[in-house]
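Colleague: Have a look at this one before I ask anything.
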Amino acid sequence: MKTALAGFLAVSGMAWAGPQQPAPAAPNTVAAPAASNSGADMAQIQNAKLETRTLTTSLSQTLQQLIDRADKALWIGYSVPEVSGQRTVCCGNYNGEENICRTCRLENENANGVTISGEKNRIIKLEGPRQLFVLYRLEAKHVTRIRLASEDCTLDFGGLSLVWLTGVKPSDSVQFLAGFTKNEDVDRHDIAQGALSAIAMHQDSSADRALESLVSPQQSEATRKQAAFWLGGARGKFGFETLQQMARSDPSSEVRSQVTFALSISSQPAAIDEMIRMAHDDSSTHVRGQALFWLAQKAGKKAVGAIDGAIADDPDTDVKKKAVFALSQLPKDEGVPKLIQVAQNNRNPEVRKQAMFWLGQSNDPRALQFFEKVLSQ
């Protein structure tokens, strides 16, 4: 699963390791720890010329005023309650081996991604929801980046000014961010993705409504696919139910294919049943094959049964071959015996050939014994 996610986002769950002390402030640092869940929570900040403001008008109006005056580069930030789940949102400098989010250097040109991961070393907050930091980079009177980070990340602003807003309502934040997701300009694609990611990480129910609107057939395929990912990765039961509707009604096979992946990262037990239904019933051979692939990543008796069923019953040879590949993705104690069985007994020569190929790639002693037996006959 982690290999399949490389280059996009890693979504995984890991157990808590216990509370951690915040890192000491570096030289020339302005730092303030999270204080409450009232919306006034402050990030751990480095290398910023900090100004704090309490909202006296709407968030949209305040942000637009700041954008209109932004001749030089600066950052705007605020906090909102983060959607529940064992994850840390790291805005760039993530160490996957140590499972920690290092300092996010926001002015580093490589700090353009976001990693969502379970954390061994994550801070436990015993009272109130965790806070999500939403960050906008402004320059030449435009928003040039949107970033987000969890409250246990330290943020380095590279010496630029930072205006920290307090008193932000989560629903107002979602509404403002949603305006960036409607922009189809290729040059602003990264901003649209950043806005969509930020919406998905909001605890507020307005985020569900915003994502639901982004998967309507009137939206572009690219937008629907991106929103589907976040519905599976962050939005729990509501996300699953929305994905289920997409799986059965979205007119695009490319979007439904993405839905199979989104279901595979959903925390809802019923997601695997919907993947099985898609593997069996979807009208597209591509979608059925993708459903089988992601089922293999989940493993389990239900998934194995669906893969076996596709090999035996699917009318399309390409889907059968994809199901054989799915067997190769299972743990070897499950996959290798089944591949041997297919190579020995399946009536379709293309399917038998595919099973033999993946057995050859397995480097498993049982596969070698099988080949020796075949060649000796």
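Colleague: Between Asp333 and Ser58, what is 0.36 nm times their sequence separation minus the Cα-Cα distance? Round to one decimal in nm.
Modeller: Once the chain is fully extended between Asp333 and Ser58, it gains 93.1 nm.
Colleague: Let me know the shape class of segment 150-212, please: from the alpha-carbon gyration tensor, a ≥ b ≥ c as square roots of the eigenvalues, rounded when a/c is under 1.5, otherwise prolate if a/b is greater than b/c, or oblate.
Modeller: oblate
Colleague: Taking amide H positions as placed 1.01 Å from N in the peptide plane, with prolines and chain starts having none, which residues 5 or more places from Thr154, or on another chain, fall under 5 Å of its amide H?
Modeller: Under 5 Å from the amide H of Thr154: Cys104.
Colleague: A further question on this structure: Using a basic spin-label model with each label point 7 Å from the Cα along Cα→Cβ, how many nm lie between Arg209 and Arg69?
Modeller: 3.1 nm
Colleague: Please give every one of the lysines within straight-line cross-link reach of Lys373, meaning a C-alpha to C-alpha distance under 22 Å, and leave out same-chain neighbours fewer than 8 residues apart.
Modeller: Lys332, Lys338, Lys353
Colleague: Give me the orientation-averaged projected area of the Cα convex hull of segment 308-377, in nm², one decimal.
Modeller: Answer in nm², one decimal: 4.2.
Colleague: Give me the accessible area per residue for segment 256-361, probe 1.4 Å, as a whole number in Å².
Modeller: Heavy-atom accessible area per residue stands at 44 Å².
Colleague: Over 5 Å intervals from 0, what percent of Cα-Cα pairs in segment 239-377 sits in each interval?
Modeller: 2, 11, 22, 20, 17, 11, 8, 5, 2, 1, 0
Colleague: Below 17 Å, Cα to Cα, which lysines can Lys182 reach? Residues fewer than 8 away in the same chain don't count.
Modeller: Lys225
Colleague: 7 Å from Cα along Cα→Cβ at both Lys49 and Asp313: what's the point-to-point distance in nm?
Modeller: 6.8 nm
Colleague: If I model a spin label at Gln245 and Gln218 as a point 7 Å from the Cα along the Cα→Cβ vector, what separation in nanometres do I get?
Modeller: Simple spin-label model gives 1.4 nm for this pair.
Colleague: Could you give P(r) for segment 227-280, binned at 5 Å from zero, as whole percent values over all Cα-Cα pairs?
Modeller: Cα pair-distance distribution for segment 227-280, in percent: 5, 26, 39, 23, 7, 0.
Colleague: Another question, then. Which residues' amide hydrogens lie under 5 Å from the amide hydrogen of Arg53, considering only partners 5 or more residues apart or on another chain, with H built in the peptide plane?
Modeller: Long-range HN contacts for Arg53: Trp164, Leu165, Thr166.
Colleague: Let me ask something else. Across segment 204-246, how large is the tail of the calculated P(r) beyond 16 Å, expressed as a percent of all Cα pairs?
Modeller: 21 percent
Colleague: Can you give me the long-range amide H partners of Arg145? Hydrogens built in the peptide plane at 1.01 Å from N, cutoff under 5 Å, separation of 5 or more residues or another chain.
Modeller: Answer set, sorted by chain and number: Arg137.
Colleague: I want the local charge near Asp316. Using Cβ-Cβ distances under 12 Å, sum +1 for each Lys or Arg and -1 for each Asp or Glu among the other residues.
Modeller: -1
The values are calculated or read from the model by the stated rules, or taken from the named source; none is laboratory data. Quick caveat: nothing in here was measured; it's all calculated off a predicted structure. Please note: Cβ atoms are built from the backbone with ideal geometry, for glycine as well, and neighbour counts cover all protein chains shown. We work out accessible area using only protein heavy atoms, side chains counted, and drop any ligands, DNA or RNA first. Shrake-Rupley method; radii C 1.70, N 1.55, O 1.52, S 1.80 Å.
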